[in-house]
Amino acid sequence: MNIVVCMKQVPDTESVIKPSGDGVGIKTDDLKFVMNVYDEFGVEEALATKEKAGEGKVTILSMGPDRAVEAVRMGLAMGADNAVLLNDAALEGADAFATATALAKALESMDYDVIFCGKQAVDGDLGQVGIALAEILNIPHVSLITKFELSDDKKKAKVNRQIEGGEEVIECPLPAVFTCQKGLNEPRYASLPGIMKAKKKPLETKDLAALGLDASAVGEAGSKTKITKAASPPERVAGKIIDGEETLEIVVKLVTLLREEAKAV
Amino acid sequence: MANDVCVFAEVKEGAIKKVVFEMLCAGKELADKLGGELTAVLIGSNVEDLADQLAWYGASKVFLAENELLEEYSSDAYTKVLADIVREQQPSILLIGSTILGKDLAPGVASRLQTGLASDCINIAMGDDGKLTATRPMYAGKIIADLAFSDDKPWTASVRPNVLPVSPPDESKKAEVVKVDAAISSEDIRTSVVEKIVTGGEKVDLTEAEIIVSGGRGMKGPENFKMLEELAEVLGATVGASRAAVDAGWIAQSDQVGQTGKVVNPNLYIACGISGAIQHLAGMSTSKCIVAINKDSEAPIFQKADYGVVDDLFKVVPIFTEELKKIKE
Ligand SMILES: Cc1cc2nc3c(=O)[nH]c(=O)nc-3n(C[C@H](O)[C@H](O)[C@H](O)COP(=O)(O)OP(=O)(O)OC[C@H]3O[C@@H](n4cnc5c(N)ncnc54)[C@H](O)[C@@H]3O)c2cc1C
Ligand SMILES: Nc1ncnc2c1ncn2[C@@H]1O[C@H](COP(=O)(O)O)[C@@H](O)[C@H]1O
C-alpha cells in the first residue's frame, strides 16, 4: 500500500499579508511558513491508514523553494517514511495547471495507490491542484472527504464527501486522488523522537532535469493564468457601537438602523 | 462559437442555482464586448423545462444534455459531458459557479481542456489584452488579485455566488434548445454513491445565504443554538458558527465560517459571541453589513462590524427576535 501526500508549504494563517513593491506578489520577509492546514489532514489520514492496514509506505511529495524543506521535514517527523521535494527556479510562479503537471510527472516514477491532497492551499486558495492532478493521471478523484476507509482487499476506498446539505458515501476504485476537508481527522503533533528520526529518513530533492520536464511546461512559463495585480482589499472600517441604557433600547435602535440605514432587513 | 461565452447551468433539486443567473448577466456583457453569443449548458435528467429561464437572463442558446446517468452529479460524467460540449462549441469564455459542485467540476474540466482556470472569482471583465481578466481573493481575502490568461481557450472562471448583480429577467423570452447526445455509459463513472446522508434539509447553503446568524464560543453550549435558529427563522437566515463552536461539537463542521470553513458573502452577517479571530474574519469580512453582539467591548470583531452591540447575547438575541417579528408582521 503506497500512499502519497501532496503537501505545500504556505504562510501561517495568522500572517498579515501585504502586496510587494512590484504589485504582483506579496512581501515574504516576515512571514512564518508552515504546512498547509488541509495537507496536515492528508498526512494524518495517510499515517492512520497505514497503521490500520498494518503495512505500507507514506511519501510526502512537495514542490517549493528551499524553505519548503522545513514543512517536508515536519511531515517526516509526524511519521511519513520518505519525501520528495521538487525544487528548481524554473518551477516558480506555477499556477494550478503547471503545479499539477510537475507533480504528475514526479508521480510517474513513484508507486501510488492513494494520493491525498488538501482541499486547497491556503495561500492562493485555488482549490484546483488535487483534481487537476487526478485528471492528468487519468485516475478518479473524490473531493472534500471527511471520512476515509480502505476496503479489505485494498483495491477500493469508501469515503464520505461533503455535499450541499449533507454528505455522500462514495466507493472509489484505487488508485485515486482524495482531497481532504476539515473534519476528516485531528492531525497528530510531531513528537521529539519523531523529529530526531526524521533527520535520517530519505528526502530526495529533484530539480527540473531530474524530473525530466522542459522548463516551458512548468513554473510561470507553463502556467495558463498569471497574476497581473495583487493589492490589499479595501479596509473595513469600524462602524457604530449602539449605545443605550437598556438592552431593549439598544435592540430597537439596531433594528431601526438595519431597516432604514443598511436596508438589510 | 469562437466569441461565445458559455455558462454552466447548475441545477439543484429541479431548480437552477441563483449563481447561474448572476453569471448569465455578467456573461452577457462579456459576450457583447466579444461580439459573440451567450450560451448555456444544461445537464441532467428531465431538466428541459428549465431552459427558458436561462433565456430570460440572456442566453440565446441552451445546450441540453439529458441522460438518466446525469440525474445525480458525478465528477466523471459531468466533467466528460461539459468538456465534450465545450470542445465542440469552442466558446472563448466558460463560467461555472463556485459552489460545492462547481468547485469539484471546474478544475477537472479546465485541466481536460488544457486551459486556465481562475477559481472563486469576485469579478470578471474583458481586459485591455482582449482576454478575460478575473479578479479573485487570495490568502483568505487578505489580497485581491487580477489574473490574466494565456492564449488557450476557453478562459475559464468559477464565480463566487452572491457577488455579481442580477438584472431583472425578461420572462417573455424562449430558449433555443440544442439537444446534445450525452453519450455516457455507466463504465464512464468510476465512483459510485452508496449512501446519501441529508443533514441540512431545506436550508440555503451558507455560501449562498443572503442573511447569516452565526454563533461562537459565547453561545456556551449546543442547546443555545436554538435561540439562533429562532432568530434565523424570522430573518429567513442560515445559521453558521465559528470554529470554536464547531470544535466543541455544538454544531456541524459544514456550518463553520472562516478560513478552514466556508467563505460567505451575505447581505447581513450577525455574529453572536464571536471574538473575530483573523481566520474567522477571513470567511465573512466581505459581508455587506456586519452586526456584532459581544459582551466584551474590546473584541476585534467590533473593528469590522457596521453595528456593534456590547451586551450579553443571552439578553440581546431573544429581544432582537421579538422586535424583528414585529416589523415582519
Ligand atoms: C489554522 C487555523 C484555522 C482556523 N480556521 C478558523 C475558521 O475557519 N473559522 C473560525 O471561526 N476560526 C478559525 N480558527 C480559530 C480562530 O483562531 C479562533 O480560535 C476562533 O475563531 C474563536 O472562536 P470564537 O470567536 O467563537 O471564540 P472566542 O475567541 O473564545 O470568542 C468568544 C467570544 O464570545 C464572547 N462572549 C462570551 N460570552 C458572551 C455572552 N454571554 N454574550 C456576548 N458575548 C459573549 C466573548 O467576549 C468572546 O469575544 C482557525 C485557527 C487556526 C489556527
Ligand atoms: N506546490 C505544491 N506541492 C505539493 N502539493 C501541492 C502544491 N500545490 C498544491 N498542492 C496540493 O494541492 C492541494 C490544493 O492546492 P491548490 O489547488 O493550490 O489550492 C494542496 O492542499 C496540496 O495537497
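A short reminder: the numbers here are calculations on the coordinates, not readings from a lab. Please read all numbers here as calculations on a predicted model, not as lab measurements. Note: ideal-geometry Cβ built from the backbone for every residue, glycine included; neighbour counts use all protein chains shown.
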| Hey, what D do you get for the stretch B:206-328 in µm²/s if you plug the Kirkwood alpha-carbon radius into Stokes-Einstein at 37 °C and 0.692 mPa s? | 238
| message | Between B:Glu29 and A:Ile241, what is the label-point separation in nm under the 7 Å Cα-to-beta-carbon projection? | response | 4.0
| said: Under the 0.36 nm per residue contour assumption, what length would be gained going from the current alpha-carbon distance of B:Glu71 and B:Asp296 to full extension? | reply: 76.0 nm
| task | Sort A:Thr247, A:Thr99, B:Thr133 so the one with the fewest other Cβ atoms within 10 Å of its own Cβ comes first. | result | A:Thr247, B:Thr133, A:Thr99
| request: Compute the acute angle (0 to 90°) between the alpha-carbon long axis of helix B:313-328 and the principal axis of greatest extent of the alpha-carbon atoms of chain B; round to the nearest 10°. | output: 60
| query | In terms of modelled amide H atoms, which long-range or inter-chain residues lie less than 5 Å from the amide H of A:Leu86? | reply | A:Ser62, A:Met63, A:Gly64, A:Lys206
| remark: With only helices counted (DSSP H, runs n ≥ 4, each -39500 (n - 2.57)), the per-residue ellipticity at 222 nm for chain B, to the nearest 500, works out to -8500 deg cm²/dmol
| note | Simple spin-label estimate for A:Leu248/B:Asn123, 7 Å along Cα→Cβ, in nm, reads 4.7
| message | Between B:Glu223 and A:Arg67, how high is the FRET efficiency from 1/(1 + (r/R0)^6) when r is the Cβ-Cβ distance and R₀ = 51 Å? Nearest 0.05. | response | 0.65
| note | Most packed first (mean Cβ within 10 Å per residue), the peptides B:233-239, A:119-125, B:217-223 order as A:119-125, B:233-239, B:217-223
| request: In whole angstrom, note down how far apart the Cα centers of the stretch B:198-269 and the stretch A:43-58 are. | output: 34
| query | Excluding A:Lys32 itself, what net charge comes from residues whose Cβ is under 9 Å from its Cβ, given Lys and Arg +1 and Asp and Glu -1? | reply | -3
| task | Using DSSP, restrict attention to beta bridges with both residues in chain A and report what percent are antiparallel, rounded to the nearest 5. | result | 40
| message | Using just the Cα positions, wrap the protein assembly as shown in a convex hull and report its mean projected area in square nanometres, one decimal place. | response | 27.1
| task | Any chance you could check the Cα centroid distance between the stretch B:45-86 and the stretch A:109-172 for me, in angstrom? | result | 25
| field | Distribution of pairwise C-alpha distances over chain B, 10 Å bins, in % | value | 6, 25, 29, 23, 14, 4, 0
| query | Which one of A:Ala71, A:Ala198, A:Ala215 has the biggest mean-square fluctuation once chain A is modelled by GNM with Cα springs under 10 Å? | reply | A:Ala215
| said: Using Cβ counts within 10 Å as a stand-in for footprinting exposure, how do B:Trp250, B:Trp56, B:Trp155 rank, fewest first? | reply: B:Trp56, B:Trp250, B:Trp155
| Which one of B:Glu88, B:Glu208, B:Glu71 has the biggest mean-square fluctuation once chain B is modelled by GNM with Cα springs under 10 Å? | B:Glu88
| task | Using Cα pairs closer than 8 Å and at least 6 residues apart in sequence, work out the relative contact order for the stretch A:2-217, in percent. | result | 26
| message | Can you give me the angle between helix B:18-34 and the longest principal axis of chain B, using Cα atoms only, in degrees from 0 to 90, rounded to the nearest 10? | response | 50
| request: Could you calculate the FRET efficiency of A:Ala221 with B:Asp181 from 1/(1 + (r/R0)^6), where r is the beta carbon distance between them and R0 is 35 Å, rounded to 0.05? | output: 0.35
| message | Residues of the stretch A:222-262 with backbone nitrogen within less than 19 Å of a virtual label 7 Å along the Cα-to-Cβ line of A:Ala89, please, listed as ranges. | response | A:222-223
| Taking neighbour Cβ counts within 10 Å as the exposure measure, how do B:Thr79, A:Thr205, B:Thr321 sort from fewest upward? | A:Thr205, B:Thr321, B:Thr79
| message | Beyond a 23 Å Cα-Cα separation, which of these cross-linked pairs lie in this structure: B:Lys12/B:Lys288; A:Lys8/A:Lys199; A:Lys182/B:Lys103; A:Lys240/A:Lys263; A:Lys182/A:Lys206; A:Lys57/A:Lys105? | response | B:Lys12/B:Lys288; A:Lys182/A:Lys206
| task | Please tell me the relative contact order of chain B in percent, rounded to the nearest whole number, where contacts are Cα pairs under 8 Å and at least six residues apart. | result | 14
| query | Between B:Ser74, B:Ser297, B:Ser287, which gets the highest mean-square fluctuation from a Gaussian network model of chain B, Cα cutoff 10 Å? | reply | B:Ser297
| task | Of the DSSP beta bridges with both residues in the stretch B:206-328, give the percent that are antiparallel, rounding to the nearest 5. | result | 0
